[in-house]
Amino acid sequence: MDVDRETFGLDVGSYIGFHLAVLGLVSWATGQPFLIPSLGPSVFLLATLPDSRMNYPERIIGGECIGALSGYAAFHLLVGSVGATPPLSFEAFRQVLSAFTATVLTTVGTYATNTQHPPAYATTLIVSLGILTRPPQILIFGVALLAMVAVHEGVGKRLSIWNLPYENRGNI
């Protein structure tokens, strides 16, 4: 596909911006963390490889949920709460163990369910390091994730506002 890189960059950038603006407005209106950093890479992949098997909705939702749940389990089993973590402290080491454990759990879980999605590793780190630690925050992340996929499936694929590189699913 021969594309003008500037135009393509503007299309991809505005597509990503649109998705993040929707989540940002919901965050702003509710005061809840609907705008999660790991959703940015997922939207980027949807914009640049929208029909790639790696970006099917079941992979995005499954991979991100496994990442969040793995991070949550590792954090609560190994860390428990976030506080000061001085260098070479036991608290800092527990965070490292939490991140390691969550990464292994995410990998095993996504391979077992065939839901590998690279941005899920950002999610597992965000949660396992204690940035999102409470069940309501994990639930909000899940709602934000579903909203992002719904906007992509309902608006991004249906409207010809953006010039995105859609592939033919039959050729994957």
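A 1.4 Å probe run over the protein chains yields, for segment 15-78, 42 Å² of accessible area per residue, whole-number rounding.
Based on the Cβ-Cβ distance from Val143 to Phe100, what FRET efficiency comes out when R0 is 25 Å, to the nearest 0.05?
Numbers: r = 28 Å, r/R0 = 1.13.
FRET efficiency, Val143 to Phe100: 0.30.
What shape does the chain take by its C-alpha gyration tensor, where a ≥ b ≥ c are the square roots of the eigenvalues and a/c under 1.5 counts as rounded, a/b above b/c as prolate, and the rest as oblate? Taking the square roots of the gyration eigenvalues as a ≥ b ≥ c, the chain is prolate. Provide the solvent-accessible area of Arg134, counting protein heavy atoms only and rolling a 1.4 Å probe, rounded to the nearest 10 Å². For Arg134, solvent-accessible area is about 130 Å².
Helices assigned as whole DSSP H runs in the chain whose Cα atoms extend at least 30 Å along their own long axis and whose mean Kyte-Doolittle hydropathy is 0.5 or higher are found at 5-30, 57-78, 90-113.
Calculate, for Arg134 and Arg158, the FRET efficiency according to 1/(1 + (r/R0)^6) with r their C-beta to C-beta distance and R0 41 Å; round to the nearest 0.05. My answer for the efficiency is 0.70.
Dipole of the chain computed with +1 at Lys/Arg Cβ and -1 at Asp/Glu Cβ about the Cα centre; of Asn55, Ser38, Leu139, farthest Cα towards the positive end is Leu139.
Would you list Arg59, Arg158 from the most to the least accessible area, probe 1.4 Å?
Most to least solvent-accessible, the answer reads Arg158, Arg59.
Taking every C-alpha pair closer than 8 Å and separated by at least 6 residues, the mean separation divided by the residue count of the chain gives a relative contact order of 34 percent.
Considering only alpha-carbon pairs that sit under 8 angstrom and 6 or more positions apart, the relative contact order computed for segment 1-85 is 20 percent.
Considering only Ile126, Pro86, Phe18, and ranking their Cα positions along the charge dipole of segment 1-137 that arises from unit charges at the beta-carbon of Lys, Arg, Asp and Glu, the one farthest toward the positive end is Pro86.
Which value, in debye to the nearest 20, gives the size of the charge dipole of the chain about its Cα centre, when Lys and Arg are +1 and Asp and Glu are -1 at the Cβ?
Magnitude of the dipole: close to 400 debye.
Under a 10 Å cutoff between Cα atoms, tell me which one of Pro118, Pro57, Pro86 has the largest fluctuation in the Gaussian network model of the chain. Answer for the Gaussian network model of the chain: Pro86. Helical runs assigned H by DSSP (4 residues or longer) give the chain a calculated mean residue ellipticity at 222 nm of -21500 deg cm²/dmol, each run adding -39500 (n - 2.57) before division by the residue total. Hey, how many Å between the Cα centroid of segment 77-105 and the Cα centroid of segment 8-65? One Cα centre to the other: 28 Å.
Of the accessible area of segment 59-172, computed with a 1.4 Å probe over protein heavy atoms only, carbon and sulfur atoms account for 68 percent.
The values are calculated or read from the model by the stated rules, or taken from the named source; none is laboratory data. The shown structure was predicted, so the numbers you read here are calculated from the model rather than taken from an experiment. With ideal geometry, Cβ positions are generated from the backbone for all residues, glycine too; neighbour counts draw on all protein chains shown. Calculation scope for accessible area: heavy atoms of the full protein, side chains included, ligands and nucleic acids excluded. Shrake-Rupley method; radii C 1.70, N 1.55, O 1.52, S 1.80 Å.
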